[in-house]
Amino acid sequence: MRKTALIFFPAFDWAISPSHPEREERLLYTRDQIFEEGILDNPRIVEYKPRLAEIEDVERVHFCVPDVASQTTNAHLISAGSALKLGDALLNREIRNGFALVRPPGHHAMRVVHGNRGFCNINNEAILVEYLRFKYGIRRIAVVDTDVHHGDGTQDIFYHDPDVLVVSLHQDGRTLYPGSGFVDEAGGPGAYLKTINIPLPPGTTDEGFLKAWRRVIKPALEAFKPELVINSAGQDNHFTDPLANMRVSAAGYGKLTEELKPDLAVLEGGYAVETALPYVNLAILLALAGEDYSNVIEPQKRGTVLRQSEEIEQAIDRITGYWQEKLGREPPGKDELFGGKGLYLRSRSIYYDTDQIYEQQRESVEYCPDCPGLYQVESRAKKTWGDSRWIWGMSIPLYACPACQARAYEYWEKIIGKKNSGNGPDCFYLQDKKGNRYLREKG
């Protein structure tokens, strides 16, 4: 019998600051719960030890400014590496599924990284996805993000990738950081409807949480037919979380896990250190192992019933109805979405709340009938206290056609040949996912 694997890495020596929600003792009570309940003696659960991610694993996903070493600590590399360790164990058929109970989190880290935003520097799930696709040849992967905050970093990284379905189930961005995750954010022209955002109203309970899963996410997964499902497991929809306003319980998380059946789960947010994390993490772990989680009941929940109002139920019906109708229709084709143009362009502003950085981005995707097309980004960032950075990056998709891959190197040679002409970016990046080659040149 293959078991459920657990990697526990609490990063007790890393914090954003001593009083920050993302601090050392965040998993302290979870650790006690695991040991007190004798979880590691359960014959269906096996513990794996963490490992470091390699620099190349990070470069496969991010343009770190100026480099990976500047944006990460050992804790970040161990958090990401732990997910990779479970990925290897799963694909080598050592385990049935796995839960990386690790920190720091990662789902707000975007493709370009100038600093920490939303408590995240590098994106653990995205690094896992690209690692598994490159190493094991897996093509179609779904990431289901159940953190209360929109998984905007994961969305950004795969927004133009038709082979990764990104679903985020979160509190409405009009009421919570990062202020995004609306239904019109549905993927680029080459990956339309491969991004699904389900913004739920504050006050949503287990009932609404599970309704969104059953009405929208489950049929979307059945239609997409992923080879692997990863749960970006944020626990801050819990009714005691201090940073959000939802009313989901450990039982709700357990039921969702039981029905979703993720191959791998990776911890994201959740900041009720004592009242939520030990219970939600335990319920998820038991559900993954096929064990009974019905006795995992928070002391604050005993004798009470978490209810959602009729107004909230109507809002959930509207959002799930929208997606049922949208996903039930034939979507427009790639040619139509590019509008007959050879290039998709998007400009936007990005704010790094933790490090107080203001970034301006201009990105483009070339139309190609045979592959997702070349991606380019130009990014300028200014720190409130500190210097400014200007970078240019190009990404060759993992499944790029030979013509696009060759053209990318032609672009690269031309741009590098002119880099000393003055007044240009501080750093240039070429990310060749297909050739597993990552180049960086100073301006």
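Which of the following residues is assigned to a helix (DSSP H, G or I), over 15 Å from the mean Cα position of the chain (by Cα) and aliphatic (A, V, I, L, M): L210, L193, L176? It would help to see each step written out before you state the result.
Details: L193 fails: assigned to a helix (DSSP H, G or I); L176 fails: assigned to a helix (DSSP H, G or I).
Going through L210, L193, L176 in turn, just one is assigned to a helix (DSSP H, G or I), over 15 Å from the mean Cα position of the chain (by Cα) and aliphatic (A, V, I, L, M): L210.
Any chance segment 311-321 includes a residue that's open to solvent by 10 Å² or more (accessible area, probe 1.4 Å), among the basic types (K, R) and over 25 Å from P10 (Cα atoms)?
yes
If a residue must be touching a helix residue (DSSP H, G or I) at 6+ places or on another chain (Cβ under 9 Å) and touching a residue at least 40 places away in the same chain (Cβ under 8 Å), how many such residues does segment 400-430 contain?
2
Which of the residues belonging to segment 157-169 are surrounded by 24 or more Cβ atoms within 10 Å (Cβ to Cβ) and among the charged types (D, E, K, R)?
Result: D161, single match.
Can you tell me how many residues in segment 178-215 are within 30 Å of D370 (Cα to Cα), among the β-branched types (V, I, T) and open to solvent by less than 10 Å² (accessible area, probe 1.4 Å)?
Taking segment 178-215 first, the residues within 30 Å of D370 (Cα to Cα) are 181-197.
In the following step, the residues that additionally are among the β-branched types (V, I, T) were identified as 183, 195-196.
In the following step, the residues that additionally are open to solvent by less than 10 Å² (accessible area, probe 1.4 Å) were identified as 195-196.
Adding up the residues that qualify gives 2.
Table: residues versus (1) of a type in the set (D, E, K, R); (2) open to solvent by 40 Å² or more (accessible area, probe 1.4 Å).
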site: K225; (1), (2): yes, yes
site: L228; (1), (2): no, no
site: A233; (1), (2): no, no
site: L256; (1), (2): no, no
site: K261; (1), (2): yes, yes
site: E274; (1), (2): yes, yes
site: L277; (1), (2): no, no
site: A283; (1), (2): no, no
site: S294; (1), (2): no, yes
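Can you confirm whether G342 is closer than 29 Å to A109 by Cβ and touching a Phe, Trp or Tyr at 6+ places or on another chain (Cβ under 7 Å)?
The answer is no for G342.
Name the residue, out of T175, T240, T154, that is among the β-branched types (V, I, T) and crowded, with 24+ Cβ neighbours inside 10 Å.
When all the criteria are applied, what remains is T154.
If I filter segment 359-390 down to residues being touching a Phe, Trp or Tyr at 6+ places or on another chain (Cβ under 6 Å), in a strand (DSSP E or B) and open to solvent by 50 Å² or more (accessible area, probe 1.4 Å), which single residue comes out as farthest from G115 (Cα to Cα)?
Among those residues, the one meeting the criterion is E378.
Of all residues in segment 213-244, how many are of a type outside the set (A, V, I, L, M), over 20 Å from E258 (Cβ atoms) and in a helix (DSSP H, G or I)?
1
Hey, among the residues in segment 36-81 that are out of contact with any helix residue (DSSP H, G or I) (no Cβ under 8 Å at 6 or more places or on another chain) and of a type in the set (S, T, N, Q), which one's farthest from A283 (Cα to Cα)?
S70
The values are calculated or read from the model by the stated rules, or taken from the named source; none is laboratory data. This one's a predicted model, so the numbers in the text were calculated from it and none came from an experiment. Note that we place each Cβ from the backbone using ideal geometry, even for glycine, and neighbour counts take in every protein chain shown. Please note that ligands, DNA and RNA were not included when accessible areas were found on the heavy atoms of the full protein model with its side chains. Shrake-Rupley method; radii C 1.70, N 1.55, O 1.52, S 1.80 Å.
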